[in-house]
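A short write-up of the structure that comes next.
The values are calculated or read from the model by the stated rules, or taken from the named source; none is laboratory data. Predicted, not measured: the structure shown is a model, and the values here were computed from it. Because the Cβ atoms are built from the backbone with ideal geometry, glycine has one as well, and the counts that use them run over all protein chains shown.
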Amino acid sequence: MTDKLKETVLQKVKKLLALAESDFEAEAESALLKAQELLLTHNLRIDDVNGLEEKEKVVDEKTIDSDTKNLAWYKKSIAIIIAKNMRCEIYMKRVCEGMRLNLIGLEEDVAIAKDMTEFTCRGVVSMWNKFKSENYSGTSKVKGITQIKNDYMQGFIDGLGEKFVKQVKEMALVVVKDALVTKKMRQKNTRKGSYSSGYKHSVNAEAYQTGKSDATFLGKNQFVGQNV
């Protein structure tokens, strides 16, 4: 890649990242995905966008902020999808309070994966609460509400996964973890982030389909102040 082309691409990514802060959900999501596409296609990283000097690759590890005592199954699934698409590894670590999800990746990749995971987890909780209030308000206890929530969450997860797969296929992207990341994960000698959730759908097809559709909307303005 020539210096001129690199500069052009980096300027585009910088503008797209600014658009990702938009109050319009569709615009924010589209900008974020396009920025990821450009970075992967041209083998560039966030450090390049920030104008940082080339530096030695550093493998970093970050903990995803969440409730360790009640680490919901859908949060694990979301984290696994995003980690895979951001060239990171993920594993569960036992602490005295319960379980934590840890990400391993190159510095810039793991930072983005952490932010995206926490943002998406806040988002899906926000959208589920909206769906519940619109369809099941006025009743303190709804029979089977836990299963309905699980149907919604599984729909969201399936939609999120399909969206990433579609983008990689359409743009002919190759998402490959750096060898240093793979090596670091092997050294951990711990359980990777894959598991059986035990989830069985679908008790409520409407909840599942709504969750799947809502995976398209990840506007940051919706989720401010929501608890992960």
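Of the residues examined, Ile78 is not one that is out of contact with any Cys (no Cβ under 9 Å at 6 or more places or on another chain) and crowded, with 24+ Cβ neighbours inside 10 Å. Report the residue count in the stretch 2-53 for those that are exposed (fewer than 12 other Cβ atoms within 10 Å of the Cβ), at pLDDT 70 or above and part of a loop (DSSP other than H, G, I, E, B). Matching residues across the stretch 2-53 total 3.
Quickly run through the stretch 92-113 and pick out the residues that are modelled with pLDDT of 85 or more and either in contact with a Gly (Cβ under 6 Å, 6 or more places away or on another chain) or not in a strand (DSSP E or B) (or both). Matches in the stretch 92-113: Glu107, Asp109, Val110, Ala111, Ile112, Ala113.
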